[in-house]
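Only one structure is covered here, and it is reproduced in the block below.
The values are calculated or read from the model by the stated rules, or taken from the named source; none is laboratory data. No experiment lies behind these values; they were computed from the predicted model shown. Heads up, the Cβs are rebuilt from the backbone with ideal geometry, glycines too, and the neighbour counts pull from every protein chain shown.
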Amino acid sequence: MLVRWSYSRLITISIRTPSPWGEGETFNSARLFRNSVPQLPPMIRHFTATGFVVHGDATLLHWHKKVREWLPPGGHVDPNEDPVQTTIREIKEETGFDVEIVPTQPILSIGNLDQIFAPHSIMIEDVTDAQHGQHQHIDHIYFTRLLGSNTSLIGELSVQSDPNTSWLWATLADLQAGKSFKTPNGDNRPPPEDVLKLGIAAIHHVSNY
């Protein structure tokens, strides 16, 4: 019996067994392992985009009634839409604000192809809802700057009479302190870690751009 070990993703054991015809048959443990373990269905994943809207020393957050967290505006990337278009569209729809992307990555000078701004980061977010069950959002995070001086919310979420939704401007000091904000149901909740850290980064970056 010959045992051969090879290291890749899985340790493979090949055993050559005696055969009356001379050449032995090879037993491969990796192949047996693959055939014996049930294959899980692939995770459902959606492309989304989020924009931190910065004005002065603050960024805009809202209480997301489904996720039940303080979040910046954003949403799913529509068919034939790139994430920059999604970010600007979602902010406009939800708040009424016109914004511009503030680049966070250098852009190479390339003349033969169009480019869009790269996101500051891409987050993988675990989500559960009634329609898709457990799935993930591949979330493109952008930093944006408010165009104009009007900070009054005029978008669809600002005019609806939904008691489960509220908006606020979280200042740099608020985020650095991890301040809790009053939710529509009366609880006090701080934004999650990613929103705190990305919000701080957005305010610093946009203020110094």
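Give the residue that is surrounded by the fewest Cβ atoms within 10 Å (Cβ to Cβ), with candidates limited to residues of segment 193-209 that are assigned to a helix (DSSP H, G or I) and not hydrophobic (A, V, I, L, M, F, W, C).
Only one residue fits best here, namely N208.
Does V84 meet the test of being surrounded by 13 or more Cβ atoms within 10 Å (Cβ to Cβ) and either at pLDDT 95 or above or not in a loop (DSSP other than H, G, I, E, B) (or both)? Give the derivation first.
Details: surrounded by 13 or more Cβ atoms within 10 Å (Cβ to Cβ): yes; either at pLDDT 95 or above or not in a loop (DSSP other than H, G, I, E, B) (or both): yes.
When the stated conditions are applied, V84 passes them.
Say whether the condition of being crowded, with 17+ Cβ neighbours inside 10 Å, assigned to a loop (DSSP other than H, G, I, E, B), at pLDDT 95 or above and out of contact with any strand residue (DSSP E or B) (no Cβ under 6 Å at 6 or more places or on another chain) is met by at least one residue in segment 181-192.
yes
Those residues that are crowded, with 19+ Cβ neighbours inside 10 Å and over 21 Å from H205 (Cβ atoms), I need them from segment 89-146; list them, please.
E94, H137
I'd like to verify a number: residues in segment 113-141 that are assigned to a strand (DSSP E or B) and of a type in the set (A, V, I, L, M, F, W, C), how many?
Number of matching residues: 6.
Here is a list of conditions, (1) modelled with pLDDT of 95 or more; (2) surrounded by 16 or more Cβ atoms within 10 Å (Cβ to Cβ), and L157 meets all of them except one; can you say which number that is?
Of everything listed in (1) modelled with pLDDT of 95 or more; (2) surrounded by 16 or more Cβ atoms within 10 Å (Cβ to Cβ), L157 misses just condition (1).
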